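Report on the following structure.
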Amino acid sequence: MNAAMRNPMLADWWNFSIGPDIWWVILVKAIVVIGFLATAFAYLTLAERKVSAHIQLRIGPNRVGPFGFLQPAADGVKLFFKENTAPGTRDRLLYMVAPGLAGGAAIFAFSAIPISAVNCIGGPSIGQAGLSCPSGYALHWDIAHLNVGLLFILAVTSLGVYSLFLGGWSANSKYSLLGGLRSSAQLISYEMAVAFALIGPVILAGSLDLERIVVNQQHLWYVFQQPLAFILYFTAALAETNRAPFDLPEAEQELVAGYHTEYSSMRFGMFFMGEYINMVTVSAIATSMFLGGWLSPLPTGWIFFGYIPGFIWFLAKVSLLLFTMMWIRWTLPRLRYDRLMSLGWKALLPLGLVNIMVTGTIVALRVA
Amino acid sequence: MFREIAQGLAITMRNMLRRPITLQWPEEQKPASPRHRGRHILHRYDNGLEKCIGCELCAAACPVGCIYVGAAENPKDHPISPGERYAERYEINLMRCIFCGYCAEACPTEAITLGPRYELSDYRREKTVVTKADLLEAWPHFEPAQGPVAERGAGADQRGREMLDPGLGPRVAWDAAERARGEGPATAGSHGIASHPPTVAEPPSRRQPGGAR
């Protein structure tokens, strides 16, 4: 890194740096990621409808544009033009804040997920799979590169529950409140399982830096070394994103729509967006932690596989996980609430502990 | 538990790989079964004479009274049906019709049957009263008789709606609209009618009830 990058002088504003990064690089990355996530949300709703349709031997939306590709746009326009009704007895501030928090927390967590390997601009990359970049500018493929990225992600994804609970509380409606209560109870019990499942790969990699964790998987993905942790994480992630079979907070049959019963128009759309972006985030974490992130599943020495950019593989893996989530949603019925709790506390949590113990023991013995 | 989950996932995956059974109406049409009871058809004999003899048994059998038959004497020199009389007007109010098929059962000459057409909705009530022009099987050189528009008819209870379209009676209005669109009554080739019928003018026989359906 040259001196100009480090000195935030007025004449040097173009190179004003936040940490090791130049500000406009961060800005560009943020815009790209937010745009990507917003698009992903739109097309995930379409994909969800298509997947569910084909599972039920239907065709799904195909009237708006070719293969229904403009359906999300039509839905978006419809949502914006809907009347924005709100209960008169609501808590005005919280009622307004909750939907924003839903989308915000999910996007926020994505800022620490690397979607491709570091690019060294103006210098050679050194070290294991080009992790460090002593001279030149290190272009990280996450918005803000953190060496404790995983901790940050775990902290931020937990913020999402506030949107659900505040939304449920502020609407002053019994269905909303029940949905909000359920979601907070559910999230608390599954947050532990998520964390414990992720500790396995962390022990193996010896780092909380997601880039380092991915690079450490270049010989063998952690899903093969930690299959139990992967299953635990994926199950808990389903619960954390309130997806079926763990969609208790919005169980239509009992709670109308749970925490967002009293929301309409684009405010409802924001909750929807939160759910889908959360799916992307959770899948991206699973990809980084277990499926080798941007690493190619095929030998890069082959014909052209070395030329496929890392983010293509990353997106492919994320898409696979997203599809699996939809597949599961349209296959499994919703769990009863007490079973959901007992699954979280009596199955996932102990299994996660066992996994940590076994992994830790093996790593300790190998080191010793 | 895992086995059951895997089984369920396998079922849904198999379904996903199967062809959807959705029929994309109106681009794709559902084939009606041969016994489908849709909109009525007034049949002709093979030589083109109308089977309906204007006996009004269908109107009598109709449990909802949706059929109106205006019979008239058959012209001697130019018979329209083989009987003494023929139906000068034949109207069915499809808003009332329950598609029970009693009219077809009551008909002594098998002149009326319920056909395969099921797209019967319309933006205008008046158009749901179908006339002989719509019902009769098409035949080359035979102009379907268009009866006079009288107050009494199958759609008598729907009259007054022409106020929506001042200046034109409903029947006149929609006939004009259809003519403007270039749509006439059913043409040869539809309803399985041969485009080139035999030209022999022999008296119709009961043995061979014609007008191949």
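We did not get these values from a lab; they are worked out from the coordinates using the rules stated. The model shown is predicted, which means the values in this text are computed figures rather than measured ones. Here the Cβ is made from the backbone with ideal geometry for all residues, glycine too, and neighbour counts use every protein chain on show.
Computed values, structure above
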quantity: Neighbourhood charge, 15 Å Cβ-Cβ cut-off, centred on residue A:323 and excluding it, Lys, Arg +1 and Asp, Glu -1; calculated: +4
quantity: Net charge over other residues, Cβ less than 12 angstrom from the Cβ of residue A:237 (K, R count +1; D, E count -1); calculated: -1
quantity: Long-range amide H partners of residue A:139 with built H, under 5 Å; calculated: A:119, A:120, A:121
quantity: Given B:76/B:127; A:50/A:82; B:76/B:132; A:29/A:82; B:30/B:132, the pairs whose alpha carbons are separated by over 28 Å; calculated: B:76/B:127; A:29/A:82
quantity: Relative packing of B:104-110, A:261-267, which averages over residues the other C-beta atoms within 10 Å, highest first; calculated: A:261-267, B:104-110
quantity: Sorted peptide list for A:189-196, A:176-183, criterion being average Cβ within 10 angstrom, highest first; calculated: A:176-183, A:189-196
quantity: Shielding by partners - mean other protein chain Cβ count within 10 Å, residues of A:327-340; calculated: 2
quantity: Summed residue charge, Cβ within 14 Å of residue A:285's Cβ, Lys/Arg positive, Asp/Glu negative; calculated: -4
quantity: Shielding score for A:55-63, defined as the mean number of other chain Cβ atoms within 10 Å; calculated: 4
quantity: Sequence ranges B:49-59, A:273-283, ranked by mean other-Cβ count within 10 angstrom, highest first; calculated: A:273-283, B:49-59
quantity: For chain A, alpha-carbon Rg and Dmax in angstrom; calculated: 21.7, 66
quantity: Sites residue A:225 and residue B:118 - FRET efficiency at Förster radius 60 Å, r taken between beta-carbons, to 0.05; calculated: 0.45
quantity: 5 angstrom amide H check on residue B:117, placed H, neighbours 5+ away; calculated: B:38, B:39
quantity: Contact order normalised by residue count of chain A, Cα under 8 Å, 6+ apart, percent; calculated: 20
quantity: 10 Å Cβ neighbours from other chains, averaged over peptide A:42-53; calculated: 1
quantity: Ranking of A:233, B:68 by count of other Cβ atoms within 10 Å, fewest first; calculated: B:68, A:233
quantity: MRE, 222 nm, helices only [DSSP H, n ≥ 4, -39500 (n - 2.57), over chain A, to nearest 500]; calculated: -20000 deg cm²/dmol
quantity: Under 5 Å, built H, 5+ apart or other chain: amide partners of residue B:44; calculated: B:51, B:137
